[in-house]
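Only one structure is covered here, and it is reproduced in the block below.
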């Protein structure tokens with residue numbers, strides 16, 4: 001594997017990790033503020049506890 005391909009693979013892995021770490025807020029609107037994000041997370045927790 002070439003150095004360029006190794007670097008590309010590393011970037012792809014990091015991008016995948018970033019996507020996974022943000023999955024819980026993926027449906028929050030772009031530009032949402034702290035309050036909107038907090039409300040979204042609170043709703044998710046509430047729904048999860050209802051299950």
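To the nearest 10 degrees, how steeply does helix 3-22 sit against the main Cα axis of the chain, on a 0 to 90 scale? Approximately 10 degrees, to the nearest 10.
Once P(r) over Cα pairs in 10 Å bins from 0, in percent is calculated for the structure shown, the corresponding label among (1) 26, 44, 21, 8, 1; (2) 21, 21, 17, 15, 12, 8, 5, 1; (3) 22, 32, 23, 15, 8, 0 turns out to be (3).
Expressed as an acute angle from 0 to 90° and rounded to the nearest 10, what is the orientation of the C-alpha long axis of helix 34-50 relative to the principal long axis of the chain? Once rounded, one gets 80 degrees.
Here, each number is a calculation from the coordinates, and none is a lab measurement. On a predicted model such as this, the values are computed, not experimentally measured, just so you know.
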